[in-house]
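Below is one structure, written out as structure tokens; comments come after it.
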């Protein structure tokens, strides 16, 4: 599965996705870096059939109102250390991937992986 990690998430999450066999890029690695607009990120994700991983509610709004992105992983953990976030992601990676295979919008909270229909 392909992922684009939004600027509001740590760049080192790319490594976790790659270690689990996925293709991942951080917005920092795009031509305009973390200044890349949401529209450009949406276009990039559409062209490469990538899941957008983000904490940004703007992508949630776009998903519901504009049917974009095609797939969304919303990280809604609130304030959490990068180490805690990485551990949470690793612990739930199989469930996240399984849920994204069959669904378009998955949310990771501190307690659950939630599928939004």
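Quick test of your reading of the structure: residue 49 fulfils all but one of (1) on the phi > 0 side of the Ramachandran plot; (2) surrounded by 14 or more Cβ atoms within 10 Å (Cβ to Cβ). Name the failing condition by number. It is condition (2) that residue 49 fails. Of all the criteria given as (1) crowded, with 19+ Cβ neighbours inside 10 Å; (2) more than 16 Å from residue 9 (Cα to Cα), the one not satisfied by residue 54 is (2).
A short reminder: the numbers here are calculations on the coordinates, not readings from a lab. Owing to the predicted nature of the structure, the values given are computational and were not obtained by experimental measurement. Note that each Cβ is placed from the backbone with ideal geometry, even for glycine, and that neighbours are counted across all protein chains shown.
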